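Each remark here refers to the structure printed beneath this line.
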């Protein structure tokens, strides 16, 4: 029997360091961060940006368990192959495996009564997770489960007690937010299963979920042949009834299970290699056989940990153990999405459901663009430029396959979910282009960008083009759409300018000013306007409704969205009557006490007054204090958020991690600057919270940040130097970062009312 | 306006000859043969063995309308892309198109009230069909519809009246035996649709029908851009509701329709090119663009007619116009299945749902083997050897993909339907191999054959191997299975012998004798026996039940199946007590009057006593008179069947054509000989009914049959010569045919009681 770890204290180096000294940054990763509360992360192993995320699921029927696992749950349904990280909407959780002892159960049972089904009880004391590794001992049957993952394939190591009746169930019906005949749940449209030989199974399901038509195949190879096997459909074993032949080796339907049966010796290890493909079972087998040719669990784990070391080494920091765990767990969560979406041979299923070859690039999916355009992709542009290029090329491939000639809005495994608003693939592409991300044809990208921005059908865009705003009597979320279109249009203008398309530059620059059309000076806030130009009346600027069908704002209020014109914060300030008035109103945002009487409060996470850090519309707001000449207030609020809404514990994330955006905010913020306006040529300095960080840029250069005299109290910038020269502006030139160099802060316990107060916002 | 034919009399050269003189055998084709009654053929255009069968459907909800069209119906639902020919079970009927004038209806309506939906009234006076061509004028809207087909693509030519509101509906919900929420009907599992551009649509559906998981894509290009288009799901137009974006250009679901809208000038022609693929929409487009690059309807029609001329020219006959129409329509129906099943690039979706390349062969599907092993493939072995080779290689590819390691039973578009009994891919392969069909590896084929014959799971085969019969207490249809296994085993023995596998030869030769185990001498008939060796008691040898779950016989009775041991008819005769007794019992078969009180009489077609020519178990029986020394009785019954159950009219076929088996019986029979025992080295002479026929063999030789003095009354063979020498045996050596030569019959009005009476059956 292979030894496995029991009772390892949860957050203290769960597993022994696998080797190679203190450069093992991967050992700082705490996969449980975000699994408790609303973070919606998953604890199972995954390679950086990997296609397989092998992880335990504790529920498959809850909207708010979007990654399958909730730390507070006390039983595990099993281990499924794929997961999303941090989204607010569930999907994936494909192909669940669970070992059993005794008569194999075919249904999961319930949290309340796990013994009614194949659910297994577990306790965090007998559970551990690390980079590329997860382990749990199932309390009811004493099977120890260990998981590791390569890019497209995973490996399960199951250590069984002695049993005449051990088995491993594969439930094809399992996926997230499905599996119950309840309206509103997702639908398993079809599935099939083939027992290819006595140690190999392949299968398929077509899921009508968030991704409305998602094809996924899997392959599984077992380390020893089954002693027996059974197939079930709708709970009945598939047997030939002597009427019309039925194979014992294949099944098709909407509720299929496979049971591999074994007699096990004490401590016998049975391993299962698993892989997925959106193309075919043959491709899943190919992925599996290429990536895990043998049964060396520890090698797979070691290689994946090495990959994590490599990714994390792009940012080297000094700090406490807690700070390093928090920081590198944030980096880890930034490197889970977009995820790889092509087979080992480069083929993938596109938006048009055809099989495409990713030629000259690596194809990715899971584009949570409304979130990730803010800080994730700006971070990638600096330290993951090759991947950012691949991601941009993936966006362009999606565009090529789009029957609507639109760049992705929220792309998920060959599907467009149309989730959220705006066309935020544009800032991703433009920010990458302007920050030096290479490898794609700028002219081709520009055509995709412009065509998207001129689409005649999409989300009120025609009216926006005609009127200068999205009219609230024709379109939901009209204010948020208007404001975000205006920002996206700024990005179009920036690339048009760079490519010398002056007419387009002027045109989109004009559209970028559209945010002013919804500013109601009488209330000093953004306000919905109808097609005739009348303000919505009556109007409650604190009104929030999580149902966007009855809201003029997207997951927020007017008070939150009224700060959103990153392309022209000086313009916003002018509308507000100057910096003092603007800052005073900002103060109100953080102190307004909103009653919980609004309809739905799903997005009200990480609340400081009406600032809700747990959701993205708030993410740039604190930095606006720096524009308003009061950077010390930014420092106060940033440190407050860092201190109270991040950490290295399961419940450390205050809101959905949203494919890394919450984490990317953390990374930029602790480094001392943030991309308030991606696609612009500057970052905004807030207040660092690490004594030193070295950014290894993709262009081969290094950018170093130091913060002298930093402490929990010394959070105020007293002075700064950039490459040795005084730097008295909160606007950090992007070029200065890109070219490498050193930014030194001198920190102190009191606000410095002079530093950074009078700088001009770059054009 | 292009001219089109109206009021063309139905069976008198419906359409003007397109060119090239009297060698145009294709002009004898009467596509309507078999469309009235139980023939289950379809009238629409198809290329020889083509993948697209573009044809009108008059019902989609009836089990007994397996090819979509019933001549007696008075309204047409529309024109769908794919059809089966002659099967007893419906499937296909994919992707229906129907032109409309006025408000587009989305549901078909009913036969009783066609005006409630998109059904169109029609009359046979305004309908015509020929090789590669079908035409109908829709009476309610005066649209003239013309159809033609290439191999993988079809072309529709629609001639519209003037209208502000013309449209063409595509109903993705339509397919045969589906479309209604009735238990037992087939299920549309999923579908999607994309409006690729303003004149191109692609789509997909996944059907759980006879083929339980059938993936089919289509592509359609319209000759002019739509003036508008609409998508519908569950009867509601797909529109963005300002909540979450919905594309106007794509849809997914289980009830989708597409409407292309036009304003038409008087007599305006709009054409639609359509193609299918089991691989992808891109492949369907590729098939379409490669095969029909332009809009030349007449060229496509002409080329397909030429292909038919080429196929039909393999058999040149002399006869009356009626005889030629009947004969060439029979050949036409023999050349519709198996049908092409690979895209223009050679890719197809296999039994394992993976995409395979047909490398070195052309892949076919629709293997109705229980029917076609009898006469269709033996005919192909003579005059379609290349295709027969491709078909055999298709069977072997299916075997390679079979998780059960079984050759096909009834293969349908990447599916195994498990329909009917036996493993009759074996006689197809062995007969081909022994008759000189080349191009496949005999050893590989043998391994597939033997593995199939030794399968541990299939239909009572284990018990059969152990006991020597399929026990009736363990398995339905046990007698038919035993008898057919024994014949298939004879075929295995024959190829084992040819390959020098003497042990296997002896073993399977032993199994081939298993038919004797079910012969109950006390009643002189085959009788079910249980695993203990007890006869089923009580037992009614005339009992028939169309539900095989309660029958020991397959679509027949003991009286019908008791003749089935083609591998050893002398053995059967010996069991019966000699030729006289055997012949006397045969006489009874044709005169026994069976009451219609049995449960279900579906298969009781073409009845002469208890001889039911409309179904396959009877097909070899008449020829047994020749073995019994009374060949004149064979002549009588053969001519009776030819005269009463075949012809050139819609109702001429007495039973399901079964992918050409009924027609192939006709072809062999009118030529004067029949493959009673495929894989043996002889045919059995019956009585010719054509004065002359020349068979252009695939090996380049010619075999000529003449019947001197033949008339409606002179049906008895008086004498015969083979290559100029007297031939006094009803057993015609296969080698004599294969090597080319001449068989001359001298016919007369009275039985010749000497000719052919005393010949020995070849070993």
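The values are calculated or read from the model by the stated rules, or taken from the named source; none is laboratory data. Please read all numbers here as calculations on a predicted model, not as lab measurements. Positions of Cβ are generated from backbone atoms using ideal geometry, with glycine treated the same way; all protein chains shown enter the neighbour counts.
Brief remarks follow.
- Residue B:486 satisfies every condition listed in (1) more than 14 Å from every other protein chain (Cβ to nearest Cβ); (2) within 30 Å of residue A:239 (Cβ to Cβ); (3) buried (at least 21 other Cβ atoms within 10 Å of the Cβ); (4) over 26 Å from the mean Cα position of the chain (by Cα) except (4).
- Assessment of region B:444-454 against the conditions (within 14 Å of residue B:514 (Cβ to Cβ) and outside any loop (DSSP other than H, G, I, E, B)) yields at least one matching residue.
- For region A:62-81, the set of residues classified as touching a strand residue (DSSP E or B) at 6+ places or on another chain (Cβ under 9 Å), assigned to a loop (DSSP other than H, G, I, E, B) and surrounded by 19 or more Cβ atoms within 10 Å (Cβ to Cβ) consists of A:65, A:67, A:68, A:69, A:77, A:81, listed by residue number.
- Evaluation of residue B:177 against the conditions (1) at pLDDT 95 or above; (2) buried (at least 24 other Cβ atoms within 10 Å of the Cβ) shows that the sole unmet condition is (1).
- When region A:549-564 is limited to residues that are assigned to a helix (DSSP H, G or I) and within 14 Å of chain B (Cβ to nearest Cβ), the one that is nearest to residue A:582 (Cα to Cα) turns out to be A:550.
- Meets criteria (surrounded by fewer than 19 Cβ atoms within 10 Å (Cβ to Cβ), away from every other protein chain (no Cβ under 13 Å) and at negative phi) for residue A:435: no
- The single condition among (1) over 22 Å from the mean Cα position of the chain (by Cα); (2) under 20 Å from residue A:204 (Cα atoms); (3) assigned to a strand (DSSP E or B) that residue A:154 does not meet is (1).
- Residue B:542, sole failed condition from (1) in a helix (DSSP H, G or I); (2) touching a residue at least 40 places away in the same chain (Cβ under 8 Å); (3) surrounded by fewer than 21 Cβ atoms within 10 Å (Cβ to Cβ): (1)
- Scan of region B:455-476 for residues that are in contact (Cβ under 8 Å) with a residue 24 or more places away in the chain, within 14 Å of chain A (Cβ to nearest Cβ) and not in a loop (DSSP other than H, G, I, E, B), ordered by number: B:458, B:459, B:461, B:463, B:464
- Residue identified as more than 19 Å from residue B:84 (Cβ to Cβ), more than 14 Å from the chain's Cα centre (by Cα), in the same structural domain as residue B:755 (by TED's automatic domain parsing) and surrounded by fewer than 24 Cβ atoms within 10 Å (Cβ to Cβ) among B:671, B:642: B:642
- So residue B:176, is it part of a strand (DSSP E or B) and touching a residue at least 60 places away in the same chain (Cβ under 8 Å): no
- Set B:352, B:343: member being within 14 Å of chain A (Cβ to nearest Cβ) and farther than 26 Å from residue B:147 by Cβ: B:352
- When residue B:567 is tested against (1) in contact with a helix residue (DSSP H, G or I) (Cβ under 6 Å, 6 or more places away or on another chain); (2) under 30 Å from residue B:72 (Cβ atoms); (3) away from chain A (no Cβ under 14 Å), exactly one condition is not met: (2).
- If the condition is being part of a loop (DSSP other than H, G, I, E, B) and surrounded by 22 or more Cβ atoms within 10 Å (Cβ to Cβ), then region B:114-145 contributes B:118, B:119, B:131, B:132, B:138, B:143.
- Evaluation of residue A:130 against (1) in contact (Cβ under 8 Å) with a residue 60 or more places away in the chain; (2) within 28 Å of residue A:151 (Cα to Cα); (3) more than 25 Å from the chain's Cα centre (by Cα) (one fails), failing number: (3)
- Selection status of residue B:733, surrounded by fewer than 24 Cβ atoms within 10 Å (Cβ to Cβ), under 30 Å from residue B:423 (Cα atoms) and in contact (Cβ under 8 Å) with a residue 24 or more places away in the chain: yes
- When region B:355-383 is limited to residues that are out of contact with any helix residue (DSSP H, G or I) (no Cβ under 8 Å at 6 or more places or on another chain) and away from chain A (no Cβ under 14 Å), the one that is surrounded by the most Cβ atoms within 10 Å (Cβ to Cβ) turns out to be B:366.
- All conditions but one from (1) under 18 Å from residue B:92 (Cα atoms); (2) away from chain A (no Cβ under 14 Å); (3) over 22 Å from the mean Cα position of the chain (by Cα) apply to residue B:143; the one that does not is (1).
- Verdict on residue B:185 being in a loop (DSSP other than H, G, I, E, B) and within 14 Å of chain A (Cβ to nearest Cβ): no
- Residues of region A:193-218 that are within 12 Å of chain B (Cβ to nearest Cβ), touching a strand residue (DSSP E or B) at 6+ places or on another chain (Cβ under 7 Å) and more than 14 Å from residue A:276 (Cβ to Cβ): A:193, A:194, A:195, A:196, A:200, A:208, A:212, A:213.
- Condition met for residue B:84 (in a loop (DSSP other than H, G, I, E, B) and modelled with pLDDT under 95): no
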